[in-house]
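Below: the structure, in structure tokens.
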């Protein structure tokens with residue numbers, strides 16, 4: 001049905017869709033809704049209205065909203081099996097929706113606060129981090145069942161599969177190391193240190209509430225290197241994902257968020273929220289090749305139009321900061337009408353969709369002309385992210 | 001028993017959480033807590049929390065902290081807890097900023113406070129009130145200091161197992177004040193009193209109030225299991241030209257016009 005490049009399969013992470021039961025199609029849905037051609041649609045989890053908006057990328061219009069569970073955080077589109085999965089953080093469940101017949105949906109109870117998800121390169125194995133429990137669930141989207149649950153994690157945040165799907169790298173938000181899971185054995189097999197212990201000078205309680213460990217392990221397309229920033233440091237660790245050893249540290253700006261890869265894997269872009277800069281790292285030279293102005297509270301980076309441009313999402317200033325990846329120079333800004341969360345670039349690199357949580361909209365940006373071309377209104381309450389099959393999806 | 005250390009031990013921690021704790025603390029340091037690696041493994045089996053409690057029992061300066069439940073809004077930094085608790089213009093034209101934490105947005109809040117004061121009849125004199133500040137992240141404290149001092153190489157020294165000088169980093173903006181006064185007291189602790197010492201030394205600040213708490217050592221955070229962190233006593237901190245041990249002595253009592 002879909003023949004997507006393996007590169008994208010392994011990184012396909014969509015936003016939420018929690019299914020608390022029935023799927024309610026809005027009045028806008030025409031006839032029997034079916035989204036089998038999932039590569040055509042944009043899926044937008046809405047945290048406050050507990051549903052997922054479906055947007056047709058051909059017309060950039062809202063098609064329907066699929067009701068899910070409470071506080072959907074992320075959605076994954078498993079196009080190989082024609083399913084959508086949403087993590088319902090507040091319900092401790094995931095919803096599994098058959099895209100050919102959305103009224104047929106299942107709800108699976110997992111552990112405490114399932115949040116981030118990652119689809120394996122087989123298109124069937126789904127890893128779900130239960131951030132409140134310190135566990136990771138492995139699901140089969142053939143059987144729609146939880147097949148294993150691994151403990152020993154520390155607030156598991158984003159998850160990353162190896163290219164062959166045999167290993168799962170877990171970013172521990174509550175610790176200083178990456179955990180490595182053998183998927184077939186469903187066992188924790190190693191822990192890769194990213195930084196030394198964090199120094200604090202506090203008497204009694206006070207500092208622990210803002211401890212921020214590792215947000216994400218962003219790997220190169222060949223799976224050799226992983227890039228992991230530590231939220232309390234000013235550096236990025238480059239990790240050999242095969243030997244589980246740290247290769248080097250790269251100094252960044254202050255309070256780096258996480259690395260975002262260009263689609264071609266040539267660069268990693270890291271927003272530094274402490275000093276409001278963006279570090280651009282060459283993955284071949286493993287060094288910073290540019291440090292450019294960013295903005296306040298950056299939550300994501302999307303690239304596109306033949307990887308000539310990067311759009312940095314600034315939640316604090318309601319705008320996109322553009323970077324010309326050829327010149328390695330600032331390329332202007334695009335003001336947004338609401339508070340942006342995260343975005344997704346279409347697989348052809350032409351368009352960028354950004355969820356605007358403050359105004360219940362999705363912004364559509366033409367990455368060739370670098371202009372805001374449309375806003376799609378009333379997509380739901382507090383849209384939190386956007387996901388598209390075959391795209392380089394990410395979550396907060 | 002020969003035990004692998006460093007990253008190898010950390011890797012082994014995936015299978016043995018107690019070994020992870022031992023590696024993080026350093027087997028050679030366990031004696032200081034009246035413990036041994038073998039004894040810990042025997043007593044606690046694979047229970048990392050048990051191992052951490054044994055360490056805490058051996059040193060009153062160590063503590064075990066339960067971390068708040070993870071929350072997406074918290075980790076996204078957007079809703080970071082406030083560091084600046086109060087900004088006020090006093091009757092005689094002085095400005096007051098009460099700093100109570102070194103949160104992730106402390107520098108930005110400080111700048112906003114100063115900009116707010118600049119829009120009033122503020123005369124440029126600033127009282128930075130640290131009397132309720134119990135300390136926090138060392139790196140963030142140094143960044144706050146940099147807004148008043150600019151870059152200062154080797155502004156403080158860490159002494160202990162890994163002695164090293166630490167710099168106050170250059171910042172993208174400087175606090176424009178005509179006179180800086182720091183208000184301190186017995187609750188002013190740890191990195192807050194270090195900040196007071198640094199600003200007295202390098203920003204010409206006057207320190208007024210009462211002797212500070214005198215916590216002159218760091219903790220290093222060791223995650224134990226989900227939801228629990230061990231705060232392990234680590235290096236002592238020295239600010240050349242200042243005495244932190246026993247508490248930082250102020251230059252005088254609280255100034256008039258300031259609430260006790």
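No lab work stands behind these numbers, since they all come straight from the coordinates. Since the structure is predicted, the reported quantities are computational estimates derived from the model, not experimental observations. Cβ placement follows ideal geometry from the backbone for every residue including glycine, while neighbour counts extend to all protein chains displayed.
Summary table
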| quantity | calculated |
| --- | --- |
| Gaussian network model of chain B, Cα within-10 Å springs - most flexible of B:99, B:89, B:195 | B:89 |
| Other protein chain Cβ atoms within 10 Å, averaged over every residue that makes up B:213-223 | 5 |
| Residue B:211 paired with residue B:151, simple spin-label distance in nm, labels 7 Å along Cα-to-beta-carbon | 3.8 nm |
| Fluctuation leader among B:148, B:102, B:33 - chain B, Gaussian network, Cα springs under 10 angstrom | B:33 |
| Of B:193, B:100, B:109, the one that fluctuates the most in a GNM where chain B has Cα springs shorter than 10 Å | B:109 |
| C-alpha center-to-center spacing [the range A:36-88, the range B:91-140] in angstrom | 45 Å |
| For the range B:192-260: relative contact order, % (alpha-carbon pairs under 8 angstrom, 6 or more apart) | 40 percent |
| Relative contact order (%) - chain B, alpha-carbon pairs under 8 angstrom, separation at least six | 16 percent |
| Three-way shape label, the range B:73-158, alpha-carbon gyration tensor, a/c 1.5 | oblate |
| Hydrodynamic radius (Kirkwood) for chain A, which is based on Cα pairs only, to one decimal in Å | 20.5 Å |
| Rounded if a/c under 1.5, otherwise prolate or oblate - the range A:169-301, Cα gyration tensor axes | oblate |
| A:395, B:50 arranged by Cβ crowding within 10 Å, fewest neighbours leading | B:50, A:395 |
| Tilt relative to chain B, helix B:106-118 - C-alpha long axis, 0 to 90 degrees, to 10 | 10 degrees |
| Cα shape, the range B:72-238, gyration tensor, a/c 1.5 rule | prolate |
| Förster-model FRET efficiency, 45 Å R0, residue B:43 and residue B:162, C-beta, rounded to 0.05 | 0.95 |
| Rounded tilt (10° steps) of B:48-57 against the dominant C-alpha axis of chain B | 60 degrees |
| Beta bridge orientation in the range B:27-155: antiparallel %, DSSP, nearest 5 | 55 percent |
| Proxy reagent accessibility, fewest Cβ within 10 Å first, across A:84, A:268 | A:268, A:84 |
